[in-house]
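FYI, it's all coordinate maths here, none of it is from the lab. If you're wondering where the values come from, they're calculated on a predicted model, not measured in any experiment. With ideal geometry, Cβ positions are generated from the backbone for all residues, glycine too; neighbour counts draw on all protein chains shown.
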Amino acid sequence: MGKRYPRDYTDDQLRAQARELESAVTIPVNVEIDADQRVLDLSEVEKILRQAGRIVLQDCGCRADKGNCDAPRDVCINIDPPEDYVTKYGMYHAHESTLEGALNALRRSHEAGLVHMAYTMKDSDRATVICSCCSEGCF
């Protein structure tokens, strides 16, 4: 596959991350897309977030690690993460958030032109990570 950018992910890093994923879906906001995947609009994401017992916002690991995108970083949303998540991922400024804080992060990332992706990890029946991805730095 090769690297697109000097600080891009290696093939091994991408494979390691892919092994943890069950599915990933794009979340367009007020955009109609013909796709073979589950597409969520902002109201559906809000419903997911309203059902969350706990929401953690953090910097996007991709943009923080690669440093090759000027889009907002503090827009990665984690839904009901483990209790030690904030401590474990403190390097990405992980912190507890309110529902309104998470919805504000989604709005800001959408206004910046980022694409919202909801990830369902293995052994989970629902999305637990919502990223807002750019074309320059995300895996």
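Straight Cα distances below 18 angstrom link K47 to the aspartates and glutamates D80, E100, D125, with same-chain residues fewer than 8 positions distant left out. The mean of 1/r over all distinct Cα pairs in region 21-133, once inverted, gives the Kirkwood hydrodynamic radius of 14.2 Å. For region 21-133, the residue among V115, L57, N30 whose Cα projects farthest onto the positive side of the dipole built from Cβ charges is L57.
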